[in-house]
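Trainee: So that we are looking at the same thing, I have put the structure below in structure tokens.
The values are calculated or read from the model by the stated rules, or taken from the named source; none is laboratory data. This structure is a prediction, so every number in the text was calculated from the model and none was measured. Ideal geometry is used to build each Cβ from the backbone, glycine not excepted, and the neighbour counts take in all protein chains shown.
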Amino acid sequence: MAIISDPVLTVLLCALGYLAGSVLFALPISRAWQLPDPRAQGSGNPGATNVYRNGGWAPAATTLVLDAAKGGLPVWLASASGLSILAQAMVALCAVTGHMIPVFYRFKGGKGVATALGAGLALAPVTTLLLSAIWALVMWRWRISALASIVAIISGPLISAILEPDTLPLFGLLALLIVVRHRNNLIRMAQGREPGF
């Protein structure tokens, strides 16, 4: 069986994934709730956590669901089209990359955690649900979203290697990308300045 089962369709869905990822739902949702632009408030990150700080649970949950959906839908389409696991992983990475460096917003995006959640649920649901549980436990204990995200994502390669080994390369790359995107949070945590809940 070919590693990339349909190169043309893979490229098309990778492009779709990147474009979908490039839609930062935190911005229109903040406008709909008459909230400040999340890029200019709090951490400056256009994601669910910062929307929560600005407006509470309802707009934050909506942002989370939509940011996850834009990661999950392209991967689901790749799976439904019969593409290989590798091709699906490429589509997932393109969606997450779109959120991080969105073409629609001068390549200045977010951390990619919610988009990775959606893509992971579509491609490796068991691993992703366990990572979500790790996130929830760390969040419950320390109340710092960035810490919960980092601990969860760096657990991904090990858990995927045990439970869904075909997706190990995806979780390895996601861990690298997301930790790099959290570098400022890591600095603030080391200085004791990272905001909690």
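Trainee: Just a yes or no: is a residue in segment 55-76 buried (at least 18 other Cβ atoms within 10 Å of the Cβ), more than 17 Å from the chain's Cα centre (by Cα) and of a type outside the set (S, T, N, Q)?
Mentor: Scanning segment 55-76 turns up at least one residue that is buried (at least 18 other Cβ atoms within 10 Å of the Cβ), more than 17 Å from the chain's Cα centre (by Cα) and of a type outside the set (S, T, N, Q).
Trainee: In segment 1-22, which residue that is of a type outside the set (Ser, Thr, Tyr), in contact with a helix residue (DSSP H, G or I) (Cβ under 6 Å, 6 or more places away or on another chain) and part of a loop (DSSP other than H, G, I, E, B) is modelled with the highest pLDDT?
Mentor: Result: Ile4.
Trainee: Among the residues of segment 95-116, which ones are crowded, with 24+ Cβ neighbours inside 10 Å and of a type outside the set (Ser, Thr, Tyr)?
Mentor: If the condition is that a residue be crowded, with 24+ Cβ neighbours inside 10 Å and of a type outside the set (Ser, Thr, Tyr), then Ala95, Val96, Gly98, His99, Gly109, Gly110, Lys111, Gly112, Val113, Ala114, Ala116 are the ones that fit.
Trainee: Still on this structure, please answer the following. Within the bounds of segment 74-92, is there any residue that is under 13 Å from Gly112 (Cβ atoms) and either touching a His at 6+ places or on another chain (Cβ under 8 Å) or in contact (Cβ under 8 Å) with a residue 12 or more places away in the chain (or both)?
Mentor: Scanning segment 74-92, I find at least one residue that is under 13 Å from Gly112 (Cβ atoms) and either touching a His at 6+ places or on another chain (Cβ under 8 Å) or in contact (Cβ under 8 Å) with a residue 12 or more places away in the chain (or both), so the answer is yes.
Trainee: Follow-up question, since we're still on this one. Hey, Thr97 hits all of (1) free of Cβ contacts under 8 Å to residues at least 12 places away in the same chain; (2) under 18 Å from Leu170 (Cβ atoms); (3) among the polar types (S, T, N, Q) but one; which does it fall short on?
Mentor: (1)
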